[in-house]
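J.: Let me give you the structure first, and then I'll get to my questions.
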Amino acid sequence: MTHGSAGTGQWQRPPRIITVVGVALLMVCATFAVRTGWPLRYADEVQYLEIAQGLANGRGFQIEGSATAYRPPAWPLFIAPMAVLGEPSRWVILLSVALLGLSAVFAGRIAAKITGSPWGWLAAPLLLVYPLNLYTASTLYPQLLATAALLAMWAVVLEATQDAESGPTLTAGQGLLIGLLAAVLSLAVPTMIFSGLVVGAWVVWSQRAGRLRTAASMGVGLALPILAWTLRNLVVLGAPVPFSTSSGQNLLIGNNPSATPDSGLAVDISAWIRKAAGLSEPERDALYRQAALDWIIGHPWEAFILWLGKTANYFNPYNSPSTEGQGSTAAMLVGWMSFVLLIAAVVARFALRRSVPLWRSEVLYVVLFILNAPVMAVFFTRTRFRQPLDASLVVIAAIPVALGIAALLDRRRQGLGNTVRVRRESD
């Protein structure tokens, strides 16, 4: 590949060596996940699995025998089919690994189109070895479902984009698909709805034609799943909950007198928990939300400083897990090194923008990564909450690496060609 062929907008097949390495790395991820991810380590994971088992056994969306909307629905629904096959064991963790593999395929496909080189597929193995992704693949958290949805949205946008300078021209079907993916994104990790809406708005704004058609089809795809879940909650719980009944608690966790920029779940909200005893889920959610708003309104300066600190903590390469005994110095060092290298590679990609033009969607996803900081800080920020957005940066970071490898191979081929010519002339 030469630089002149970069950004031609053509899909490329992965080199065989990348395919082999990618499959091998995925097997390593699977082994790591099965050995370290079971028994489940976190209360969130246990609840997700319990809901999935209830769905598989016909009991419905329940926790401890009671109907719930405390967890958003996309992830338990994704897990449920494995529960249908029998009592889940450690192999359920492989669902996270499978989503990481799917995300890697999307990443490689995106980078290959942007570079116009098959070496863009290097993004796939890089996504697999990024430590935050490897960690998430060993858990039963929904972040990898959100990652796959976010990267799939990007892949669909590129499918409808010819080159770096042009905007996408989506069909109604592609618009519907982006809307559905945005719904999956927000019903898996509700804070990610901001990302889904930003990508959707950008797609409509940058359309070369048919903006109204695209907006309508995307709106239908986004609204129908959320509306179905909201109606279920209205019927079952008596309240139109669009995402989950944990939003009020999460707002209170991030906005109370004991909260700090990086405290995460390690805060004291016991007084409000006692007040909420005996209330229904929607009532508890409303109580917690109002308590958080009361504290923010009553302490505007403290709340603002705390929000700034949480915004800064969003960029923290490593937060110790809330569960005691799960963090380590080695994990912290790996987190810092990987994040610093990631940001350095993204900066290198922007430095190459004159020789290899930046695609508009690349800029979009970098801006999206940054804008999520103040949005997530409304609640509280943790490194793992950022994982789907880190994955999008890995795609961009892989591009200068892929271009460097392609340039080295070009030089090597040219050197071999010159050697052959010299030998022929000497003969």
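The values are calculated or read from the model by the stated rules, or taken from the named source; none is laboratory data. As the structure is a prediction and not an experimental result, all values here were calculated from the model. Cβ coordinates were reconstructed from backbone atoms using ideal geometry, including for glycine residues, and neighbour counts include every protein chain displayed.
J.: Any idea which residue in region 74-86 is nearest to the chain's Cα centre (by Cα), counting only those that are of a type in the set (G, A, S) and either outside any helix (DSSP H, G or I) or within 16 Å of A148 (Cβ to Cβ) (or both)?
T.: Of the residues in region 74-86, the ones of a type in the set (G, A, S) are 74, 80, 83, 86.
If we keep only those that are either outside any helix (DSSP H, G or I) or within 16 Å of A148 (Cβ to Cβ) (or both) as well, we get 74, 86.
Details: A74: 14, G86: 29 Å.
So, considering only residues that are of a type in the set (G, A, S) and either outside any helix (DSSP H, G or I) or within 16 Å of A148 (Cβ to Cβ) (or both), the one nearest to the chain's Cα centre (by Cα) is A74.
J.: Taking region 156-179 on its own, how many of its residues are closer than 22 Å to W121 by Cα, free of Cβ contacts under 8 Å to residues at least 24 places away in the same chain and hydroxyl-bearing (S, T, Y)?
T.: 0
J.: Also, I was wondering about something else. Can you name every residue in region 239-297 that is assigned to a loop (DSSP other than H, G, I, E, B), in contact with a helix residue (DSSP H, G or I) (Cβ under 7 Å, 6 or more places away or on another chain) and of a type in the set (A, V, I, L, M)?
T.: Residues satisfying the conditions are A239, V241, A259, L265, V267, I269, A276, L279.
J.: Given the options L224, L150, L177, name the one that is in a helix (DSSP H, G or I) and within 30 Å of G65 (Cα to Cα).
T.: L224
J.: For region 290-320, which residues satisfy the criterion of being hydroxyl-bearing (S, T, Y) and at pLDDT below 95? Can you show your working first?
T.: Going through region 290-320, the residues hydroxyl-bearing (S, T, Y) turn out to be 311, 314, 318, 320.
Answer for region 290-320, where residues must be hydroxyl-bearing (S, T, Y) and at pLDDT below 95: Y318, S320.
J.: For R349, are the conditions met, namely being touching a helix residue (DSSP H, G or I) at 6+ places or on another chain (Cβ under 9 Å), under 26 Å from R71 (Cβ atoms) and crowded, with 18+ Cβ neighbours inside 10 Å?
T.: No.
J.: Moving on to the next point. Restricting region 359-381 to residues that are within 22 Å of L251 (Cα to Cα) and aliphatic (A, V, I, L, M), which is nearest to the chain's Cα centre (by Cα)?
T.: L368
J.: Also: Before we move on, is R71 within 30 Å of V236 (Cβ to Cβ), assigned to a loop (DSSP other than H, G, I, E, B) and touching a Ser or Thr at 6+ places or on another chain (Cβ under 7 Å)? Can you show your working first?
T.: Values: within 30 Å of V236 (Cβ to Cβ): yes; assigned to a loop (DSSP other than H, G, I, E, B): yes; touching a Ser or Thr at 6+ places or on another chain (Cβ under 7 Å): yes.
Yes.
J.: Still on this structure: Please state which one of L25, L49 is within 19 Å of W91 (Cβ to Cβ) and either modelled with pLDDT of 90 or more or of a type in the set (K, R) (or both).
T.: Exactly one of L25, L49 is within 19 Å of W91 (Cβ to Cβ) and either modelled with pLDDT of 90 or more or of a type in the set (K, R) (or both), namely L49.
J.: Of all residues in region 205-216, which are part of a helix (DSSP H, G or I) and farther than 9 Å from P168 by Cα?
T.: W205, R211, L212, R213, T214, A215, A216
J.: Give the residues of region 342-398 that are closer than 30 Å to I296 by Cβ, among the hydroxyl-bearing types (S, T, Y) and at pLDDT 95 or above, sorted by residue number.
T.: T381
J.: Return a yes/no flag: does region 321-334 have any residue that is under 30 Å from A43 (Cβ atoms), touching a helix residue (DSSP H, G or I) at 6+ places or on another chain (Cβ under 9 Å), at pLDDT below 95 and part of a helix (DSSP H, G or I).
T.: Yes - at least one qualifying residue is present in region 321-334.
J.: So which residues in region 301-320 are more than 17 Å from R382 (Cβ to Cβ) and either outside any helix (DSSP H, G or I) or in contact with a His (Cβ under 6 Å, 6 or more places away or on another chain) (or both), if there are any at all?
T.: Those that are more than 17 Å from R382 (Cβ to Cβ) and either outside any helix (DSSP H, G or I) or in contact with a His (Cβ under 6 Å, 6 or more places away or on another chain) (or both): none in region 301-320.
J.: Now for a different question. Which of the residues spanning region 102-112 are farther than 13 Å from S392 by Cα and either surrounded by 24 or more Cβ atoms within 10 Å (Cβ to Cβ) or among the aromatic types (F, W, Y) (or both)?
T.: Passing the criteria: only A112.
J.: Here is a follow-up. Does region 47-64 contain any residue that is surrounded by 22 or more Cβ atoms within 10 Å (Cβ to Cβ), within 19 Å of the chain's Cα centre (by Cα) and assigned to a helix (DSSP H, G or I)?
T.: yes
J.: Of everything in region 233-246, what is touching a Pro at 6+ places or on another chain (Cβ under 9 Å) and in contact (Cβ under 8 Å) with a residue 60 or more places away in the chain? Give them in sequence order.
T.: Matches in region 233-246: N233, L237, V241, F243, S244, T245, S246.
J.: Moving on. Quick one: M153 ticks every box in (1) touching a Leu at 6+ places or on another chain (Cβ under 9 Å); (2) farther than 30 Å from Y42 by Cβ; (3) crowded, with 22+ Cβ neighbours inside 10 Å; (4) touching a residue at least 40 places away in the same chain (Cβ under 8 Å) except a single one, so which number is it?
T.: Of the numbered conditions (1) touching a Leu at 6+ places or on another chain (Cβ under 9 Å); (2) farther than 30 Å from Y42 by Cβ; (3) crowded, with 22+ Cβ neighbours inside 10 Å; (4) touching a residue at least 40 places away in the same chain (Cβ under 8 Å), the odd one out for M153 is (2).
J.: Something else now. Would you mind finding the one in R71, R16, R59 that is basic (K, R) and in contact (Cβ under 8 Å) with a residue 24 or more places away in the chain?
T.: R71
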